[in-house]
Amino acid sequence: MMVRVWKMTGAAVALAASSTLLAAQGAPFGEMPPMGPSEVGVIAVNLQEIPRVVTSPGRAVASQDVSVRPRVGGVIEEILYTPGQLLKVGDPLFRIDDASYVAAVATARADVATAEANLPVMQAAYDRAQQLSGRGYTEAEVEAAQSSLAEAKATLDANKAALDYAETELSWTTLRSPIAGRADVTSVSVGDLVTASQADELTTIVTSDPIYVDMVESSSRILSVRKGIAEGTLERNDNLEATLTLENGDIYRGVGELVTPSNTVSTTTGTVTIRFAFDNPEQIIIPGMFVRGAVTLGTMQAYLVPQRATSRSNSGKLTAYVVGEDNIVEQVTLVDEGAYENAWIVREGLSDGDQLVVDGFSSLRSGQEVSPVPVTIDENGVTQDISADTAPAVEE
(Lines give C-alpha, C1' and ligand atoms only; values in the text may rest on other atoms or scores of the structure.)
Protein backbone atom coordinates (compact mmCIF):
# COMPACT_ATOMS: atom_id res chain seq x y z
CA MET A 1 0.00 0.00 0.00
CA MET A 2 1.45 3.37 -1.06
CA VAL A 3 1.02 6.41 1.18
CA ARG A 4 1.30 9.99 -0.34
CA VAL A 5 2.73 12.71 1.82
CA TRP A 6 1.75 16.33 0.80
CA LYS A 7 4.14 19.11 1.66
CA MET A 8 2.36 22.40 2.36
CA THR A 9 4.01 25.58 1.32
CA GLY A 10 4.17 28.63 3.58
CA ALA A 11 1.30 30.31 1.67
CA ALA A 12 -0.88 27.25 2.09
CA VAL A 13 -0.17 27.17 5.82
CA ALA A 14 -1.13 30.83 6.13
CA LEU A 15 -4.30 30.26 4.12
CA ALA A 16 -5.28 27.33 6.29
CA ALA A 17 -4.61 29.33 9.45
CA SER A 18 -6.70 32.23 8.27
CA SER A 19 -9.55 29.89 7.30
CA THR A 20 -9.49 28.37 10.76
CA LEU A 21 -9.53 31.90 12.35
CA LEU A 22 -12.47 33.06 10.21
CA ALA A 23 -14.38 29.88 11.00
CA ALA A 24 -13.79 30.47 14.69
CA GLN A 25 -15.15 34.08 14.38
CA GLY A 26 -18.23 32.86 12.57
CA ALA A 27 -17.35 34.49 9.23
CA PRO A 28 -17.78 32.52 5.99
CA PHE A 29 -14.63 31.46 4.25
CA GLY A 30 -13.17 34.24 2.00
CA GLU A 31 -14.85 37.16 3.84
CA MET A 32 -13.39 39.60 6.41
CA PRO A 33 -15.22 40.15 9.69
CA PRO A 34 -17.51 43.19 9.71
CA MET A 35 -15.86 46.52 10.65
CA GLY A 36 -17.38 49.25 12.85
CA PRO A 37 -18.42 52.74 11.66
CA SER A 38 -15.59 55.00 10.47
CA GLU A 39 -14.59 57.84 12.77
CA VAL A 40 -14.91 61.31 11.23
CA GLY A 41 -14.13 64.73 12.66
CA VAL A 42 -17.10 67.11 12.68
CA ILE A 43 -17.82 70.71 13.58
CA ALA A 44 -21.20 72.34 14.19
CA VAL A 45 -22.06 75.17 11.78
CA ASN A 46 -24.22 78.13 12.73
CA LEU A 47 -25.52 81.19 10.90
CA GLN A 48 -23.37 84.21 11.73
CA GLU A 49 -22.60 87.75 10.60
CA ILE A 50 -19.68 87.64 8.19
CA PRO A 51 -17.81 90.50 6.53
CA ARG A 52 -18.21 90.40 2.74
CA VAL A 53 -14.64 90.91 1.60
CA VAL A 54 -13.69 91.04 -2.06
CA THR A 55 -10.05 90.45 -2.99
CA SER A 56 -8.88 91.74 -6.36
CA PRO A 57 -5.58 92.25 -8.18
CA GLY A 58 -4.44 95.83 -8.58
CA ARG A 59 -1.68 98.02 -9.95
CA ALA A 60 -0.18 101.14 -8.40
CA VAL A 61 -0.52 104.33 -10.45
CA ALA A 62 1.12 107.69 -9.75
CA SER A 63 -1.37 110.35 -8.73
CA GLN A 64 0.47 112.72 -11.10
CA ASP A 65 2.82 111.81 -13.96
CA VAL A 66 4.30 114.56 -16.12
CA SER A 67 6.62 114.33 -19.12
CA VAL A 68 8.90 117.40 -19.34
CA ARG A 69 9.53 118.73 -22.86
CA PRO A 70 11.08 122.02 -24.00
CA ARG A 71 8.82 124.84 -25.21
CA VAL A 72 11.68 126.62 -26.96
CA GLY A 73 14.64 125.31 -28.93
CA GLY A 74 18.31 125.61 -28.12
CA VAL A 75 21.35 123.92 -26.64
CA ILE A 76 21.18 122.46 -23.12
CA GLU A 77 23.65 124.47 -21.05
CA GLU A 78 22.99 123.07 -17.59
CA ILE A 79 21.11 120.26 -15.82
CA LEU A 80 19.88 121.70 -12.54
CA TYR A 81 18.47 118.70 -10.65
CA THR A 82 19.58 115.34 -9.28
CA PRO A 83 17.62 112.29 -10.45
CA GLY A 84 15.42 110.89 -7.69
CA GLN A 85 15.36 114.04 -5.58
CA LEU A 86 12.07 115.35 -4.24
CA LEU A 87 11.09 118.48 -6.16
CA LYS A 88 8.73 121.32 -5.33
CA VAL A 89 6.60 123.17 -7.85
CA GLY A 90 8.83 125.63 -9.74
CA ASP A 91 12.18 123.98 -8.97
CA PRO A 92 14.57 124.42 -11.97
CA LEU A 93 15.39 121.34 -14.05
CA PHE A 94 17.26 122.46 -17.22
CA ARG A 95 18.69 125.67 -18.64
CA ILE A 96 18.78 126.28 -22.39
CA ASP A 97 21.14 128.78 -24.08
CA ASP A 98 19.16 132.02 -23.93
CA ALA A 99 21.30 134.44 -25.99
CA SER A 100 18.86 134.67 -28.91
CA TYR A 101 15.90 135.09 -26.55
CA VAL A 102 17.61 137.89 -24.61
CA ALA A 103 18.19 139.69 -27.92
CA ALA A 104 14.55 139.20 -28.88
CA VAL A 105 13.44 140.78 -25.61
CA ALA A 106 15.73 143.77 -26.21
CA THR A 107 14.36 144.25 -29.72
CA ALA A 108 10.78 144.06 -28.47
CA ARG A 109 11.49 146.62 -25.78
CA ALA A 110 12.96 149.01 -28.36
CA ASP A 111 9.86 148.63 -30.51
CA VAL A 112 7.68 149.45 -27.50
CA ALA A 113 9.75 152.51 -26.74
CA THR A 114 9.45 153.72 -30.35
CA ALA A 115 5.70 153.24 -30.33
CA GLU A 116 5.37 155.01 -26.99
CA ALA A 117 7.38 157.99 -28.35
CA ASN A 118 5.26 158.17 -31.53
CA LEU A 119 1.91 158.08 -29.76
CA PRO A 120 2.00 161.64 -28.26
CA VAL A 121 2.91 163.07 -31.69
CA MET A 122 -0.07 161.38 -33.30
CA GLN A 123 -2.29 162.50 -30.43
CA ALA A 124 -1.20 166.13 -30.79
CA ALA A 125 -1.72 166.08 -34.55
CA TYR A 126 -5.24 164.78 -34.13
CA ASP A 127 -6.08 167.31 -31.42
CA ARG A 128 -4.86 170.17 -33.62
CA ALA A 129 -6.76 168.98 -36.68
CA GLN A 130 -9.92 168.63 -34.62
CA GLN A 131 -9.59 172.18 -33.21
CA LEU A 132 -8.97 173.70 -36.67
CA SER A 133 -11.59 171.67 -38.46
CA GLY A 134 -13.21 173.99 -41.02
CA ARG A 135 -10.59 176.64 -40.49
CA GLY A 136 -7.70 175.30 -42.54
CA TYR A 137 -8.29 171.52 -41.99
CA THR A 138 -10.78 169.73 -44.07
CA GLU A 139 -12.94 166.94 -42.71
CA ALA A 140 -10.83 164.40 -44.63
CA GLU A 141 -7.64 165.68 -42.97
CA VAL A 142 -9.24 165.38 -39.53
CA GLU A 143 -10.24 161.77 -40.28
CA ALA A 144 -6.71 161.01 -41.50
CA ALA A 145 -5.23 162.37 -38.26
CA GLN A 146 -7.68 160.26 -36.26
CA SER A 147 -6.72 157.16 -38.25
CA SER A 148 -3.00 157.81 -37.68
CA LEU A 149 -3.63 158.12 -33.92
CA ALA A 150 -5.55 154.84 -33.85
CA GLU A 151 -2.77 153.13 -35.80
CA ALA A 152 -0.15 154.45 -33.37
CA LYS A 153 -2.14 153.05 -30.42
CA ALA A 154 -2.51 149.66 -32.15
CA THR A 155 1.21 149.58 -32.90
CA LEU A 156 2.01 150.25 -29.24
CA ASP A 157 -0.35 147.47 -28.12
CA ALA A 158 1.16 145.03 -30.64
CA ASN A 159 4.69 145.87 -29.55
CA LYS A 160 3.76 145.38 -25.90
CA ALA A 161 2.28 141.98 -26.71
CA ALA A 162 5.43 141.04 -28.64
CA LEU A 163 7.52 142.10 -25.63
CA ASP A 164 5.40 139.95 -23.31
CA TYR A 165 5.81 136.92 -25.57
CA ALA A 166 9.55 137.51 -25.95
CA GLU A 167 9.94 137.67 -22.16
CA THR A 168 7.81 134.53 -21.81
CA GLU A 169 10.02 132.65 -24.29
CA LEU A 170 13.06 133.84 -22.35
CA SER A 171 11.55 132.41 -19.16
CA TRP A 172 11.00 129.10 -20.96
CA THR A 173 14.74 128.69 -21.42
CA THR A 174 14.76 127.56 -17.78
CA LEU A 175 12.60 124.44 -17.53
CA ARG A 176 10.92 124.15 -14.12
CA SER A 177 9.00 121.40 -12.39
CA PRO A 178 5.24 121.82 -12.94
CA ILE A 179 4.36 119.50 -10.02
CA ALA A 180 5.79 118.29 -6.72
CA GLY A 181 7.34 114.86 -7.06
CA ARG A 182 10.46 112.90 -7.96
CA ALA A 183 12.26 113.34 -11.26
CA ASP A 184 13.59 110.45 -13.29
CA VAL A 185 16.98 110.19 -14.99
CA THR A 186 17.30 112.69 -17.84
CA SER A 187 17.49 111.55 -21.44
CA VAL A 188 19.77 114.43 -22.56
CA SER A 189 23.23 115.73 -21.73
CA VAL A 190 24.76 119.18 -21.59
CA GLY A 191 25.40 120.32 -25.16
CA ASP A 192 22.46 118.47 -26.71
CA LEU A 193 20.25 120.44 -29.08
CA VAL A 194 16.54 120.37 -28.27
CA THR A 195 13.59 121.74 -30.19
CA ALA A 196 10.28 123.21 -29.12
CA SER A 197 7.58 120.63 -28.37
CA GLN A 198 9.75 117.70 -29.45
CA ALA A 199 8.36 114.18 -29.15
CA ASP A 200 11.06 112.89 -26.77
CA GLU A 201 10.73 114.03 -23.16
CA LEU A 202 13.76 115.34 -21.28
CA THR A 203 12.63 113.63 -18.07
CA THR A 204 9.50 112.55 -16.22
CA ILE A 205 8.23 113.59 -12.79
CA VAL A 206 5.83 111.47 -10.74
CA THR A 207 3.89 112.18 -7.58
CA SER A 208 3.45 109.02 -5.52
CA ASP A 209 2.13 110.46 -2.26
CA PRO A 210 -0.76 109.95 -2.34
CA ILE A 211 -0.67 107.04 -4.77
CA TYR A 212 -3.54 105.43 -6.63
CA VAL A 213 -4.22 101.70 -6.83
CA ASP A 214 -6.44 100.53 -9.69
CA MET A 215 -8.19 97.30 -8.70
CA VAL A 216 -9.81 95.08 -11.31
CA GLU A 217 -13.12 93.38 -10.60
CA SER A 218 -15.34 91.28 -12.85
CA SER A 219 -18.63 92.79 -13.91
CA SER A 220 -20.44 89.57 -12.93
CA ARG A 221 -19.31 89.90 -9.31
CA ILE A 222 -20.38 93.54 -9.25
CA LEU A 223 -23.84 92.46 -10.45
CA SER A 224 -23.91 89.82 -7.70
CA VAL A 225 -23.03 92.39 -5.05
CA ARG A 226 -25.67 94.82 -6.30
CA LYS A 227 -28.24 92.03 -6.30
CA GLY A 228 -27.38 91.16 -2.69
CA ILE A 229 -27.78 94.79 -1.64
CA ALA A 230 -31.10 95.09 -3.49
CA GLU A 231 -32.45 91.87 -1.93
CA GLY A 232 -31.30 92.86 1.55
CA THR A 233 -28.95 89.90 2.03
CA LEU A 234 -25.92 92.19 2.05
CA GLU A 235 -25.73 95.23 4.32
CA ARG A 236 -23.24 97.50 2.61
CA ASN A 237 -20.68 99.81 4.22
CA ASP A 238 -21.24 103.52 3.78
CA ASN A 239 -17.50 104.17 3.36
CA LEU A 240 -15.59 101.67 1.25
CA GLU A 241 -11.97 101.21 2.33
CA ALA A 242 -9.28 98.92 0.97
CA THR A 243 -6.23 97.18 2.40
CA LEU A 244 -3.24 96.01 0.37
CA THR A 245 -1.01 92.97 0.27
CA LEU A 246 2.33 93.79 -1.36
CA GLU A 247 4.26 91.58 -3.78
CA ASN A 248 6.40 90.14 -0.96
CA GLY A 249 3.34 89.19 1.09
CA ASP A 250 3.56 92.09 3.56
CA ILE A 251 0.35 93.86 4.56
CA TYR A 252 0.53 97.59 3.85
CA ARG A 253 -0.20 99.64 6.96
CA GLY A 254 -2.27 102.34 5.26
CA VAL A 255 -5.94 102.13 4.33
CA GLY A 256 -7.16 103.34 0.94
CA GLU A 257 -10.20 105.48 0.26
CA LEU A 258 -12.42 105.07 -2.78
CA VAL A 259 -11.72 107.65 -5.49
CA THR A 260 -14.01 106.54 -8.27
CA PRO A 261 -15.17 103.40 -10.07
CA SER A 262 -14.91 103.18 -13.83
CA ASN A 263 -18.07 103.89 -15.78
CA THR A 264 -17.36 101.27 -18.44
CA VAL A 265 -16.66 97.54 -18.66
CA SER A 266 -13.63 96.35 -20.64
CA THR A 267 -14.81 94.65 -23.82
CA THR A 268 -11.79 92.33 -23.81
CA THR A 269 -11.67 91.20 -20.16
CA GLY A 270 -15.19 91.93 -18.89
CA THR A 271 -13.77 93.76 -15.88
CA VAL A 272 -14.26 97.13 -14.20
CA THR A 273 -11.43 99.24 -12.78
CA ILE A 274 -11.97 100.71 -9.30
CA ARG A 275 -9.49 103.32 -8.03
CA PHE A 276 -8.44 103.80 -4.40
CA ALA A 277 -6.06 106.43 -2.98
CA PHE A 278 -3.43 105.51 -0.37
CA ASP A 279 -1.12 107.75 1.65
CA ASN A 280 2.44 106.79 0.71
CA PRO A 281 4.82 109.04 2.69
CA GLU A 282 7.62 106.46 2.82
CA GLN A 283 7.33 105.69 -0.91
CA ILE A 284 6.86 101.97 -0.17
CA ILE A 285 4.39 101.59 -3.02
CA ILE A 286 6.06 102.35 -6.34
CA PRO A 287 4.08 103.26 -9.48
CA GLY A 288 3.63 100.17 -11.63
CA MET A 289 3.83 97.75 -8.69
CA PHE A 290 1.31 94.91 -8.68
CA VAL A 291 -0.59 94.34 -5.42
CA ARG A 292 -3.68 92.58 -4.10
CA GLY A 293 -6.42 94.66 -2.58
CA ALA A 294 -9.14 93.59 -0.16
CA VAL A 295 -12.33 95.64 0.13
CA THR A 296 -14.97 95.04 2.80
CA LEU A 297 -18.25 95.69 1.01
CA GLY A 298 -20.46 95.04 4.02
CA THR A 299 -21.77 92.20 6.17
CA MET A 300 -24.09 89.28 5.54
CA GLN A 301 -25.70 86.37 7.41
CA ALA A 302 -24.11 83.10 6.27
CA TYR A 303 -22.17 79.99 7.29
CA LEU A 304 -18.39 79.73 7.32
CA VAL A 305 -17.34 76.38 5.84
CA PRO A 306 -13.64 75.44 6.00
CA GLN A 307 -12.31 75.02 2.49
CA ARG A 308 -10.61 71.76 3.46
CA ALA A 309 -14.05 70.24 4.20
CA THR A 310 -15.33 70.74 0.66
CA SER A 311 -14.67 69.59 -2.87
CA ARG A 312 -15.82 70.70 -6.30
CA SER A 313 -17.38 68.44 -8.87
CA ASN A 314 -16.52 68.49 -12.54
CA SER A 315 -19.44 70.85 -13.09
CA GLY A 316 -18.03 73.29 -10.53
CA LYS A 317 -20.55 72.61 -7.76
CA LEU A 318 -19.29 72.87 -4.20
CA THR A 319 -20.09 69.78 -2.09
CA ALA A 320 -19.55 68.62 1.49
CA TYR A 321 -20.72 65.90 3.89
CA VAL A 322 -22.98 66.36 6.93
CA VAL A 323 -23.88 63.79 9.59
CA GLY A 324 -27.63 63.29 9.91
CA GLU A 325 -29.89 61.07 11.97
CA ASP A 326 -28.55 57.70 13.13
CA ASN A 327 -25.05 58.99 12.25
CA ILE A 328 -25.66 58.56 8.53
CA VAL A 329 -23.68 60.94 6.29
CA GLU A 330 -25.23 62.71 3.35
CA GLN A 331 -23.53 64.72 0.63
CA VAL A 332 -24.94 68.24 0.25
CA THR A 333 -24.48 70.86 -2.45
CA LEU A 334 -23.47 74.31 -1.20
CA VAL A 335 -24.00 77.73 -2.76
CA ASP A 336 -21.05 79.95 -1.88
CA GLU A 337 -20.67 83.74 -2.00
CA GLY A 338 -16.89 83.91 -2.15
CA ALA A 339 -14.36 83.30 0.60
CA TYR A 340 -13.41 84.80 3.96
CA GLU A 341 -9.96 83.93 5.30
CA ASN A 342 -9.71 80.10 4.84
CA ALA A 343 -13.43 79.38 4.61
CA TRP A 344 -16.20 79.57 2.04
CA ILE A 345 -19.10 81.91 2.70
CA VAL A 346 -22.16 79.65 2.27
CA ARG A 347 -25.75 80.89 2.20
CA GLU A 348 -27.55 77.78 0.93
CA GLY A 349 -27.19 74.05 1.56
CA LEU A 350 -26.78 74.02 5.36
CA SER A 351 -28.92 74.53 8.46
CA ASP A 352 -28.10 75.72 11.96
CA GLY A 353 -26.49 73.00 14.03
CA ASP A 354 -25.53 70.73 11.10
CA GLN A 355 -22.53 68.53 11.85
CA LEU A 356 -20.13 69.19 9.00
CA VAL A 357 -17.49 66.55 8.30
CA VAL A 358 -14.06 68.21 8.20
CA ASP A 359 -11.76 65.22 8.65
CA GLY A 360 -11.86 61.66 7.32
CA PHE A 361 -14.30 62.24 4.47
CA SER A 362 -12.05 61.23 1.58
CA SER A 363 -13.56 57.73 1.31
CA LEU A 364 -17.10 58.50 2.49
CA ARG A 365 -20.26 57.73 0.54
CA SER A 366 -23.77 59.05 1.06
CA GLY A 367 -25.77 56.71 3.33
CA GLN A 368 -22.70 55.39 5.15
CA GLU A 369 -22.81 55.09 8.93
CA VAL A 370 -20.03 56.96 10.77
CA SER A 371 -18.87 57.69 14.27
CA PRO A 372 -18.70 61.52 14.57
CA VAL A 373 -15.99 63.03 16.78
CA PRO A 374 -16.26 66.77 17.59
CA VAL A 375 -13.06 68.56 16.62
CA THR A 376 -11.69 72.08 16.30
CA ILE A 377 -9.52 73.57 13.56
CA ASP A 378 -6.61 75.78 14.63
CA GLU A 379 -5.14 78.71 12.70
CA ASN A 380 -2.80 76.32 10.84
CA GLY A 381 -5.70 74.21 9.55
CA VAL A 382 -4.95 71.26 11.90
CA THR A 383 -7.92 69.43 13.41
CA GLN A 384 -7.83 68.58 17.10
CA ASP A 385 -10.16 66.28 19.05
CA ILE A 386 -12.17 68.42 21.48
CA SER A 387 -12.45 65.59 24.00
CA ALA A 388 -8.70 65.12 23.92
CA ASP A 389 -8.16 68.84 24.49
CA THR A 390 -10.50 68.99 27.48
CA ALA A 391 -9.52 65.66 29.05
CA PRO A 392 -7.64 65.98 32.38
CA ALA A 393 -3.98 65.17 32.34
CA VAL A 394 -3.03 61.74 33.69
CA GLU A 395 -0.36 61.83 36.34
CA GLU A 396 2.33 59.24 36.05
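The values are calculated or read from the model by the stated rules, or taken from the named source; none is laboratory data. A quick note: this is a predicted structure, and the numbers were derived from the prediction, not measured. Cβ placement follows ideal geometry from the backbone for every residue including glycine, while neighbour counts extend to all protein chains displayed. Only protein heavy atoms, including side chains, enter the accessible area calculation; ligands, DNA and RNA are left aside. Shrake-Rupley method; radii C 1.70, N 1.55, O 1.52, S 1.80 Å.
With a cut-off of 14 Å between beta carbons, the residues surrounding residue 130 carry a summed charge of -2, where Lys and Arg count +1 and Asp and Glu -1.
The calculated 222 nm mean residue ellipticity attributable to helices in the chain amounts to -8500 deg cm²/dmol, summing -39500 (n - 2.57) over DSSP H runs of n ≥ 4 and dividing by all residues.
Protein heavy-atom surface of region 147-298, 1.4 angstrom probe: 51% of the accessible area is carbon and sulfur, with nucleic acids and ligands not counted.
Stretching residue 113 away from residue 237 to a fully extended chain increases their span by 37.8 nm, per 0.36 nm per residue minus the current alpha-carbon distance.
Note on residue 77: accessible area is roughly 80 Å² with a 1.4 Å probe, heavy atoms of protein only. Given a Förster distance of 56 angstrom, what is the FRET efficiency for residue 265 paired with residue 154, based on the Cβ-Cβ distance and rounded to 0.05? Efficiency, rounded to the nearest 0.05: 0.50. Across the chain, the mean sequence separation of Cα contacts (distance under 8 Å, 6 or more residues apart), normalised by length, yields a relative contact order of 25 percent. Over all other residues within a Cβ to Cβ distance under 14 Å of residue 256, the charged ones net out to -1, with Lys and Arg as +1 and Asp and Glu as -1. Accessible area of residue 250 (1.4 Å probe, protein heavy atoms only, ligands and nucleic acids ignored): about 80 Å². Loop-located GluC sites (Glu not before Pro) in region 195-247 (DSSP state other than H, G, I, E, B) with a sparse environment of at most 12 neighbouring Cβ atoms within 10 Å: 247. Given the chain, what percent of its DSSP beta bridges are antiparallel, to the nearest 5? So the antiparallel bridges amount to about 95 percent of the total. Among the trypsin sites (Lys or Arg not before Pro) within region 77-135, those in coil by DSSP and having at most 16 neighbouring Cβ atoms inside 10 Å are 88, 135. Taking the chain as a Gaussian network of alpha-carbon nodes connected by springs under 10 Å, the highest mean-square fluctuation of the residues 331, 48, 130 belongs to 130. Stretching residue 187 away from residue 286 to a fully extended chain increases their span by 33.5 nm, per 0.36 nm per residue minus the current alpha-carbon distance.
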